[in-house]
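Below: one structure, written as structure tokens.
The numbers here are math on the coordinates, done by the rules we state, and not lab data. None of the values given here were measured: they were computed from a predicted structure. Cβ: placed from backbone, ideal geometry, glycine included. Neighbour counts: every protein chain shown.
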Amino acid sequence: MKKGFLNLVIISASIAAIPASATAKLTAIEGGVVIEDITLSVPSSYMSIQEAIDSLSGKSIKSDATVTIQVANGTYNAQETISINHPNADRIQLLGNTSDATQVVLNFKDSAFGMRVTGGARLKLFNGFTLVGGSNPIHGIYVNHGSGLICGPEIIVQDFNIGIMAADNSSIGCLFASSTSNSSHGFYATNNSTIEAHYSTSSNNGGSGYMSARGSSVIVNNSHSLNNGVIGYHAIEFAFVMADSVTVSGNPVSFQADRGAYIYP
């Protein structure tokens, strides 16, 4: 495989549920522009998620077109970070099994990050995956440098350092997401960033379940912070946490605001 691609060792994969249209490659291109909706299928048409993403390099996507990267059911060993910085990322969606995230598992045992959106890109949708870290990974989902990401309801992140993180004027929307068994925080926004994660669950993490720092906002109504190692909901350094109608249990401290920060209610 080429260096720089996400190397996927396919342990098991089923593509029976993917329609025939999912096997199309980039045939809907006119003058370097993707002019209509198209689906890029992994692994039947592209060897890896990163290869499918890289196939869009140097191409623009028409404003009314959507590129869907569809990943078949299976368990994959990922050697490198999935990285997205395409200028038209708001017209790209990365999908696994949107009914059951446990059917598409990405293991990131030798990677610094799992899923990273950077360079001001704003990914339209990420849904249908379980991301699993190991001894080396840092963050499961990491969005930084003014970037953005919308997650669908079928996202599970586990066994990283920080599960889901937005940094440096970035934003993540991840309603219903689950972040569990990470060595530090489950959800973490820092440096003027925002995470909106209503109905999410943060459990069995080594640090805080939900943390907002340095002017950031974490908005997590109807969320569940369970059995985390330090604090259920934590705001620090002029940050804000909105945590209305939440379930908080098994954390040494349920709520804590420090250094000009605020938690509501």
Using only the alpha carbons of the range 62-171, what is the convex hull's orientation-averaged projected area in square nanometres?
6.3
State log₁₀ I(q)/I(0) for the chain at q = 0.09, 0.14, 0.15, 0.17 Å⁻¹ as given by the Debye formula over alpha-carbon point scatterers of equal weight, solvent excluded.
-0.39, -0.89, -1.00, -1.22
How long is the gain from Ser135 to Lys62 if the chain were fully straight, where each residue apart is worth 0.36 nm and the alpha carbon distance is subtracted?
22.2 nm
Non-local residues with an amide H under 5 Å from the amide H of Glu80, with H modelled 1.01 Å from N and Pro and chain starts lacking one, are Asn7
Go ahead and run the numbers for FRET between Asp100 and Arg259, Cβ-Cβ distance against an R0 of 45 Å, rounding to 0.05.
0.60
Expressed as a whole percent, how much of the Cα-Cα distance distribution for the range 115-265 exceeds 27 Å?
10
Rounded to two decimals, what ratio of Rg to Rh does the range 184-265 give with C-alpha atoms and a Kirkwood Rh?
0.92
Net dipole in debye of the chain [+1 Lys, Arg Cβ; -1 Asp, Glu Cβ; about Cα centre; nearest 20]
320
Restricting to bridges with both residues inside the chain, how much of the DSSP beta-bridge set is antiparallel, in percent to the nearest 5?
10
Under a crude label model (7 Å from the Cα following the beta-carbon direction), how far is Glu30 from Asp168 in nanometres?
3.8
Under-23-angstrom lysine pairs by C-alpha in the chain, whenever the two are 8 or more apart or on separate chains:
11
